[in-house]
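Trainee: Quick one: structure below, then a few questions.
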Amino acid sequence: MRLLAAYRSRHPAWAASISLFLSPALGMFYLARGWLGLIYGAIGILLAYALPFVLSYQAIDYPLWMSVLVVVVYRIAASLHVYLVASRQPPRARYPWYARFYNWILLFWLAPLLLALLVRNLLLQPVTIQSGSMRPALQSGDYFFAEKLTYGLGRYSIIFGLGPERRWGGRLPQRGEIISFAYPPDPTTSYVKRVIGLPGDRVELRGGRLYLNGAVVDRQPLANSTIPIEAGETLYMEHLPDGLAYPIIETNDVSRGDDTVEWLVPAGHYFVMGDNRDNSLDSRFDLGFVPEANIEARPLVIVANKTDPQRWWLPVR
């Protein structure tokens, strides 16, 4: 009972403990110091997200212990401040709503969690590229957001495949667009590829050249491009019959996926390929056709890259 009475009376030790083990912002809210709570909340966001991003962008390496030390020093200093504020503050007969514990759970945990779930399932989906199969459009380590309004909501637009069986809103993908989709053999995994064939299209590769509906797709070498490639690679600009053009990378024209049978894309499915043509597991191989229901979102903007600080806030094309 003494502990409960000390908590209700805003004892300085309670305030400092909340600040140290939960957050300084909650320590100030507990004392009904709303503006100080907001200031400490902003400082916490800067230390947790903004500062690491700036250091990464400037390519400044720092050891893990330094990050831990900064957090520990900040928490201890803030907790001392909270303790001093609590020791100098006379008790109140009534505290505002944001100083009550059960409202913290609603405001600072449940509400952000619900908001994040709504954004993740209805608007934006974060995706990380783990391979170089979509070079040069997407590099390994790219972290980007994919938006869901263009294609509407399908079964795998919602986590755990809980979306509607019939797609709600939006439009269907077009040739040349990059899509994020649930990998058909394992829908818990997301893949990112470029749409090459629409339902009813005939797709074939001969000697490394792409054929759509019996006609060869034009490609032109990009000799003076600033797009980085590796030794032994050749950069081309591929022009689809719809008018959309995008760069692709070829190592040679005699690899395993450069001579294929002709596929007829079935209704409700799509034929997809990676832009790094000789280093992509796509519809030419075990991936097969991508069902319309598996389409999750359309990649929108690259926000960061694990190893390249120059790749940030770039549109995905």
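The values are calculated or read from the model by the stated rules, or taken from the named source; none is laboratory data. Since the structure is predicted, the reported quantities are computational estimates derived from the model, not experimental observations. All Cβ positions, glycine included, derive from the backbone under ideal geometry; neighbour counts span all protein chains shown.
Trainee: Across region 129-172, which residue is surrounded by the fewest Cβ atoms within 10 Å (Cβ to Cβ) among those that are in contact with a helix residue (DSSP H, G or I) (Cβ under 8 Å, 6 or more places away or on another chain) and β-branched (Val, Ile, Thr)?
Mentor: So the residue we want is Ile159.
Trainee: Kindly check whether there is at least one residue in region 57-71 that is modelled with pLDDT under 90, in contact with a Leu (Cβ under 8 Å, 6 or more places away or on another chain) and either over 30 Å from Ala304 (Cα atoms) or assigned to a loop (DSSP other than H, G, I, E, B) (or both).
Mentor: yes
Trainee: Kindly indicate the residue of region 189-203 that is at pLDDT 95 or above and not in a strand (DSSP E or B) and also surrounded by the most Cβ atoms within 10 Å (Cβ to Cβ) among those meeting that condition.
Mentor: Step one: of region 189-203, the residues at pLDDT 95 or above are 191-203.
With not in a strand (DSSP E or B) added as a condition, the list becomes 198-201.
On the way: Leu198: 17, Pro199: 15, Gly200: 11, Asp201: 15.
Selected residue: Leu198.
Trainee: How many residues does region 63-94 hold that are surrounded by 12 or more Cβ atoms within 10 Å (Cβ to Cβ) and more than 19 Å from Ser23 (Cα to Cα)?
Mentor: The qualifying residues number 2.
Trainee: Here's something else I'd like to know. Please tell me if Ala116 is of a type in the set (Gly, Ala, Ser) and not in a loop (DSSP other than H, G, I, E, B).
Mentor: Considered against the rule, which asks whether it is of a type in the set (Gly, Ala, Ser) and not in a loop (DSSP other than H, G, I, E, B), Ala116 comes out as yes.
Trainee: Filter region 259-317 down to residues that are assigned to a helix (DSSP H, G or I) and within 21 Å of the chain's Cα centre (by Cα) and give me whichever is farthest from Val127 (Cα to Cα). Steps first, answer last, please.
Mentor: Step one: of region 259-317, the residues assigned to a helix (DSSP H, G or I) are 277-279, 292-294.
Checking which are within 21 Å of the chain's Cα centre (by Cα) leaves us with 293-294.
Values: Ala293: 19, Asn294: 15 Å.
Checking each candidate, the answer is Ala293.
Trainee: Quick one: how many residues across region 22-62 are free of Cβ contacts under 8 Å to residues at least 12 places away in the same chain, among the small types (Gly, Ala, Ser) and in contact with a helix residue (DSSP H, G or I) (Cβ under 7 Å, 6 or more places away or on another chain)?
Mentor: Total meeting the criteria: 0.
Trainee: Also, I was wondering about something else. With the structure loaded, tell me whether Ala137 is assigned by TED's automatic domain parsing to the domain that holds Ser283 and in contact (Cβ under 8 Å) with a residue 24 or more places away in the chain or whether it fails that test.
Mentor: Values: assigned by TED's automatic domain parsing to the domain that holds Ser283: yes; in contact (Cβ under 8 Å) with a residue 24 or more places away in the chain: yes.
The answer is yes for Ala137.
Trainee: Sticking with this one: Residue check, Ala50 against (1) modelled with pLDDT of 85 or more; (2) part of a helix (DSSP H, G or I); (3) not charged (D, E, K, R), all met but one. Which one?
Mentor: Failing condition for Ala50: (1).
Trainee: Still on this structure, please answer the following. Condition first: exposed (fewer than 11 other Cβ atoms within 10 Å of the Cβ) and assigned to a loop (DSSP other than H, G, I, E, B). Now tell me which residues in region 204-237 satisfy that.
Mentor: Gly207, Gly214, Ala223, Asn224, Thr226, Glu230, Ala231, Gly232
Trainee: Quick check: anything in region 62-77 on the phi > 0 side of the Ramachandran plot and either out of contact with any strand residue (DSSP E or B) (no Cβ under 9 Å at 6 or more places or on another chain) or basic (Lys, Arg) (or both)?
Mentor: no
Trainee: What's the total number of residues in region 238-250 that are under 30 Å from the mean Cα position of the chain (by Cα), part of a loop (DSSP other than H, G, I, E, B) and surrounded by fewer than 18 Cβ atoms within 10 Å (Cβ to Cβ)?
Mentor: Within region 238-250, the subset under 30 Å from the mean Cα position of the chain (by Cα) is 238-240, 242-250.
From the residues that got through so far, the ones that are part of a loop (DSSP other than H, G, I, E, B) too are 240, 242-244.
Those left that are additionally surrounded by fewer than 18 Cβ atoms within 10 Å (Cβ to Cβ): 242-244.
Counting residues in region 238-250 that are under 30 Å from the mean Cα position of the chain (by Cα), part of a loop (DSSP other than H, G, I, E, B) and surrounded by fewer than 18 Cβ atoms within 10 Å (Cβ to Cβ) gives 3.
Trainee: May I pose another question? Give me a count of the residues in region 63-120 that are in contact with a Pro (Cβ under 9 Å, 6 or more places away or on another chain) and of a type in the set (Phe, Trp, Tyr).
Mentor: Counting residues in region 63-120 that are in contact with a Pro (Cβ under 9 Å, 6 or more places away or on another chain) and of a type in the set (Phe, Trp, Tyr) gives 2.
Trainee: If we scan region 69-79, do we find a residue that is under 30 Å from Tyr151 (Cβ atoms), not assigned by TED's automatic domain parsing to the domain that holds Tyr143 and not aliphatic (A, V, I, L, M)?
Mentor: So the first thing to find is which residues in region 69-79 are under 30 Å from Tyr151 (Cβ atoms), and the list is none.
No: region 69-79 contains no residue that is under 30 Å from Tyr151 (Cβ atoms), not assigned by TED's automatic domain parsing to the domain that holds Tyr143 and not aliphatic (A, V, I, L, M).
Trainee: Among the residues of region 20-62, write down those that are exposed (fewer than 12 other Cβ atoms within 10 Å of the Cβ) and either basic (Lys, Arg) or over 27 Å from the mean Cα position of the chain (by Cα) (or both).
Mentor: Scanning region 20-62 gives Phe21, Trp35.
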